[in-house]
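Asks: Take this structure first; my questions come after.
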Amino acid sequence: MGKVHLEIEGISFSYGAEPILDQVSFTVPTGQLLGIIGPNGSGKSTLLRNISRTLKPHLGRVLLENRDITSMGSLEIARQMAVVPQENSYDFPFTVEEIVMMGRTPHLGRFQQEGPRDRKIVEEALTITNCAHLAHKAVTELSGGERQRVTIARALAQEPKILLLDEPTAHLDINHQTEILNIVRRLNRDLGLTVIMVLHDLNLASEYCDQLLLLKGGRIFKMGPPQEVITRESIAAVYGSRVLIRRHPLHGRPQITILSRNTAAAQRKREIRVHVVGGGGMAAALMGELVYAGYQVTAGVLNIGDSDWEQAKALGIPTVEAPPFSPLTEEAHAKNLRLIEQAQWVILAPIPFGEGNMKNLEALQVAAARGQRVIVIDGIPIHRRDYTGGRAFEEYQRLLAMGVAKVKEEAEIHQLLEEEVPPQ
């Protein structure tokens with residue numbers, strides 16, 4: 001884990017009678033990039049201000065290399081720790097170079113003028129943050145993204161060991177957001193800076209941070225790598241939101257999609273269970289639509305690694321699964337029958353049939369025989385999906401003859417399911 005650079009011991013803080021932080025404790029090893037996340041009012045910015053000594057905790061302490069920061073002078077702290085605030089208000093037309101030179105103040109005596117080394121450090125800070133071409137431009141003429149880069153350059157000119165950033169991407173468009181965070185990550189990786197930043201965007205936090213600290217009501221709800229913190233359960237518990245979580249196709253970090261929905265309609269549907277028989281990616285969109293609409297969805301039998309299986313896992317759908325490229329076992333078939341029996345509706349996606357998944361057709365025939373409502377999506381003719389030499393075709397026709405509902409489009413499914421939703 002490396003040398004512990006910063007240690008937070010039991011910090012509690014209140015604004016008047018209102019508690020904001022409650023016994024917050026954690027450590028930040030040297031060179032870590034830590035993101036602080038949580039809903040509005042959870043104490044993110046207050047925690048950062050306590051770490052930077054802008055605010056003093058009512059209980060607990062902040063240790064910087066085993067020293068309580070309350071025992072350190074302001075200039076000494078400024079040589080160790082630099083802060084990039086959420087708001088950067090530049091009211092006077094200083095040049096960018098002059099603004100960044102202000103970062104050298106902790107290293108200069110009271111009447112000492114900057115020297116060649118100071119100018120070199122400022123020049124390097126401007127280059128690293130892509131601000132060199134702005135050096136002689138008035139800071140009041142810059143865009144929001146440019147001003148943020150200048151503020152980071154000024155912080156970098158302090159030669160800190162720790163960089164604290166309070167929502168550095170706030171009010172910036174997506175291009176400037178990624179530009180700023182790419183700079184921060186480069187400072188962390190190339191210069192070895194320890195970085196602690198408050199982020200509002202969970203997807204950016206997941207992508208850029210080594211560790212995440214999730215706050216809820218002024219307490220640490222969870223801390224760890226993004227894949228351990230960004231989970232459906234955590235987001236539901238802390239933010240009260242239903243989300244879809246997938247791995248990013250490039251870096252594999254969890255990425256969130258909010259499942260907004262008509263709450264009243266979802267409330268009416270929540271007791272209706274729909275079992276989906278899928279495979280080969282033919283049911284992924286349908287499962288997403290059903291979950292989004294508020295139905296309780298189950299699925300099976302799906303092969304592990306199949307795109308339908310991945311979708312079911314991402315949505316948190318209870319699933320009967322089987323090893324890839326393997327025929328369905330009697331055990332999996334029995335589990336599938338049990339889930340089907342608990343459902344009000346059973347839907348067969350237009351999946352291809354081979355010898356390995358014929359038991360799925362058998363399970364649907366069992367459901368239809370006992371009078372369950374079965375929907376078959378027949379948009380792709382069965383003879384184009386039959387890889388069993390005609391056996392699947394015969395069993396499929398037998399299923400249709402049992403009085404199941406046959407639809408061509410998935411949109412027709414919702415009309416049928418609505419019959420189960422009682423009027424408001």
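The values are calculated or read from the model by the stated rules, or taken from the named source; none is laboratory data. On a predicted model such as this, the values are computed, not experimentally measured, just so you know. Neighbour counts are summed over all protein chains in view; Cβ atoms, including those assigned to glycine, are modelled from backbone coordinates with ideal geometry. The protein model used for the area step is the full one, side chains on, heavy atoms only, and it has no ligands, DNA or RNA in it. Shrake-Rupley method; radii C 1.70, N 1.55, O 1.52, S 1.80 Å.
Asks: If we scan segment 149-167, do we find a residue that is open to solvent by less than 10 Å² (accessible area, probe 1.4 Å), part of a strand (DSSP E or B), under 30 Å from Val243 (Cβ atoms) and in contact with an Asp or Glu (Cβ under 6 Å, 6 or more places away or on another chain)?
Replies: No, the conditions are met nowhere in segment 149-167.
Asks: For the structure I just gave you, tell me whether Val122 is in contact with a Phe, Trp or Tyr (Cβ under 7 Å, 6 or more places away or on another chain) and open to solvent by less than 20 Å² (accessible area, probe 1.4 Å).
Replies: Values: in contact with a Phe, Trp or Tyr (Cβ under 7 Å, 6 or more places away or on another chain): no; open to solvent by less than 20 Å² (accessible area, probe 1.4 Å): yes.
No: the conditions fail for Val122.
Quick grid of which residues meet (1) under 11 Å from the mean Cα position of the chain (by Cα); (2) at pLDDT below 95:
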| residue | (1), (2) |
| --- | --- |
| Asn175 | no, yes |
| Met197 | no, no |
| Lys222 | no, no |
| Pro226 | yes, no |
| Glu233 | no, yes |
| Ala236 | no, yes |
| Ile245 | yes, yes |
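Asks: Test Gln211 against the criterion of being in contact with a Leu (Cβ under 7 Å, 6 or more places away or on another chain) and modelled with pLDDT of 95 or more, and give yes or no.
Replies: On the way: in contact with a Leu (Cβ under 7 Å, 6 or more places away or on another chain): yes; modelled with pLDDT of 95 or more: yes.
Yes, satisfied.
Asks: Quick check: is even one residue across segment 114-126 touching a Gly at 6+ places or on another chain (Cβ under 8 Å) and closer than 13 Å to Ala153 by Cβ? Write out each step before concluding.
Replies: Just the residues of segment 114-126 that are touching a Gly at 6+ places or on another chain (Cβ under 8 Å), to begin with: 122, 125.
Pick out the ones that are also closer than 13 Å to Ala153 by Cβ and you get 122, 125.
Yes, the conditions are met somewhere in segment 114-126.
Asks: Here's a follow-up. Tell me which residues, restricted to segment 362-410, are farther than 27 Å from Ala334 by Cβ, open to solvent by 70 Å² or more (accessible area, probe 1.4 Å) and free of Cβ contacts under 8 Å to residues at least 24 places away in the same chain.
Replies: Once the filter is applied, which keeps residues that are farther than 27 Å from Ala334 by Cβ, open to solvent by 70 Å² or more (accessible area, probe 1.4 Å) and free of Cβ contacts under 8 Å to residues at least 24 places away in the same chain, segment 362-410 yields His383, Arg384.
Asks: Here are some conditions: (1) more than 28 Å from the chain's Cα centre (by Cα); (2) under 19 Å from Ser52 (Cβ atoms). Ile162 meets all but one. Which one does it not meet?
Replies: Against the list (1) more than 28 Å from the chain's Cα centre (by Cα); (2) under 19 Å from Ser52 (Cβ atoms), Ile162 comes up short only on (1).
Asks: Name every residue in segment 175-207 that is open to solvent by less than 10 Å² (accessible area, probe 1.4 Å) and touching a Lys or Arg at 6+ places or on another chain (Cβ under 6 Å), in order of residue number.
Replies: Val198, Ser206
Asks: Consider Pro350 against the criteria (1) outside any loop (DSSP other than H, G, I, E, B); (2) within 23 Å of Ile317 (Cβ to Cβ): it satisfies all of them except one. Which criterion is unmet?
Replies: Going through (1) outside any loop (DSSP other than H, G, I, E, B); (2) within 23 Å of Ile317 (Cβ to Cβ) one by one, Pro350 breaks only (1).
Asks: Just to check your reading of the model, which residue among Lys335, Lys359 is open to solvent by 30 Å² or more (accessible area, probe 1.4 Å), assigned to a helix (DSSP H, G or I) and farther than 23 Å from Arg385 by Cα? If you could, list the steps in order and put the result at the bottom.
Replies: Working: Lys359 fails: farther than 23 Å from Arg385 by Cα.
So the residue among Lys335, Lys359 that is open to solvent by 30 Å² or more (accessible area, probe 1.4 Å), assigned to a helix (DSSP H, G or I) and farther than 23 Å from Arg385 by Cα is Lys335.
Asks: Also, I was wondering about something else. Tell me, which residue of segment 314-332 that is without any contact (Cβ under 8 Å) to a residue 60 or more places away in the chain and buried (at least 16 other Cβ atoms within 10 Å of the Cβ) is nearest to Arg384 (Cα to Cα)? Give the steps one after another, and end with the answer.
Replies: Looking only at segment 314-332, we keep the residues that are without any contact (Cβ under 8 Å) to a residue 60 or more places away in the chain, and these are 317-332.
Going one step further and asking which of them are buried (at least 16 other Cβ atoms within 10 Å of the Cβ), we end up with 317, 319-322, 328, 332.
On the way: Ile317: 29, Thr319: 27, Val320: 26, Glu321: 25, Ala322: 24, Leu328: 22, Ala332: 26 Å.
It comes out as Leu328.
Asks: When residues of segment 96-146 are filtered for being under 37 Å from the mean Cα position of the chain (by Cα) and not in a helix (DSSP H, G or I), how many remain?
Replies: 6
Asks: For segment 235-258, which positions are out of contact with any strand residue (DSSP E or B) (no Cβ under 8 Å at 6 or more places or on another chain), loosely packed, with under 13 Cβ neighbours inside 10 Å and either under 18 Å from Ile317 (Cα atoms) or among the hydroxyl-bearing types (Ser, Thr, Tyr) (or both)?
Replies: From segment 235-258, those out of contact with any strand residue (DSSP E or B) (no Cβ under 8 Å at 6 or more places or on another chain) are 239-240, 249-252; that's our starting set.
Add one more test, that the residue is loosely packed, with under 13 Cβ neighbours inside 10 Å, and what stays is 240, 249-252.
Answer for segment 235-258, where residues must be out of contact with any strand residue (DSSP E or B) (no Cβ under 8 Å at 6 or more places or on another chain), loosely packed, with under 13 Cβ neighbours inside 10 Å and either under 18 Å from Ile317 (Cα atoms) or among the hydroxyl-bearing types (Ser, Thr, Tyr) (or both): there is none.
Asks: Which members of segment 210-220 meet the condition of being over 18 Å from Met81 (Cβ atoms), over 11 Å from the mean Cα position of the chain (by Cα) and crowded, with 24+ Cβ neighbours inside 10 Å? So that I can check it myself, show each step before the final result.
Replies: The initial filter retains those residues of segment 210-220 that are over 18 Å from Met81 (Cβ atoms), namely 210-212, 214-220.
So of that shortlist, the ones also over 11 Å from the mean Cα position of the chain (by Cα) come out as 210-211, 214-220.
Within segment 210-220, Leu214, Leu215 qualify.
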